[in-house]
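What follows is calculated from the coordinates using simple rules that are stated; it is not laboratory data. Note that the coordinates shown come from a computational prediction; the quantities given were computed from them, not determined experimentally. So basically every Cβ, Gly included, is an ideal-geometry build from the backbone, and we count neighbours across all protein chains shown.
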Amino acid sequence: MVIGMSISIVGLVLTVYFATQISFSIRLESWFSQKYWVQFMPLVSSILLTIAGILAILKRPNANFTFALFGHTVSEQIMFDWLGLTDIGSYLLNLIGLKSFNYPDHAILWLFALSLISLYIAYSNVLKLRRVSLGEAIIGITTGVVLSFIA
C-alpha cells in the first residue's frame, strides 16, 4: 500500500509537470510531424507510472507487468541514449526526415532511478502479486527497444 501510494504520488507529480511542458498546436500540419508527437513520451511514461502505482494500491495482478513495462521503456531509452545507440537511430530517422527524442536533461536521473525501482518491484515480486511471466517480460523489453528507436 505504501509503495503504491508513493509511486502514484510521484507519477502524478511527474504527469502534471510533463503536461505543462507540452506545447499544443492547432495547426493541422504539426499533427503529422514526429517532433509534435514525441513530446508526449515523458507524459505517457509518467501516466504509466501513475497507473502502476494505482494498480499496486488496488492489489491488481497486472501491477507487476505495468511496473516492468514502465521500467523497461524508460530505462532502455535512457541507457541507449547514454550508450549513443539512439544516435544510430537518430541518424537513420534523419535520413527519412524524422528526428529522435530524448527525455529532458533534468528528468533523466529521476526517471532512470524510478525505472530501476519499478523493475525491482516487478521482478522481485515485492507486492506479492502475480509474477511477471516470460512473455510479459519479452513484451516489456521489446516495447522499450522499439520506443527507444522510434520515439
Under Karplus coefficients 6.51, -1.76 and 1.60, residue-wise ³J(HN,Hα) of the range 45-62 in Hz, glycine/proline x: 4, 5, 5, 4, 5, 4, 4, 4, x, 5, 5, 5, 4, 7, 6, 7, x, 7
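Considering only DSSP states other than H, G, I, E and B, which trypsin sites (Lys or Arg not before Pro) in the range 1-80 qualify as loop sites with at most 16 other Cβ atoms within 10 Å? Please list the in-between numbers first.
Details: sites: ARG27, LYS35, LYS59; in loops: ARG27, LYS59.
Those satisfying the criteria are ARG27, LYS59.
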Efficiency of FRET from Cβ geometry, ILE9 and LEU134, R₀ 30 Å, rounded to 0.05: 0.40
Stretchable slack from TYR36 to VAL2, in nm (0.36 nm times residue separation minus alpha-carbon distance): 8.6 nm
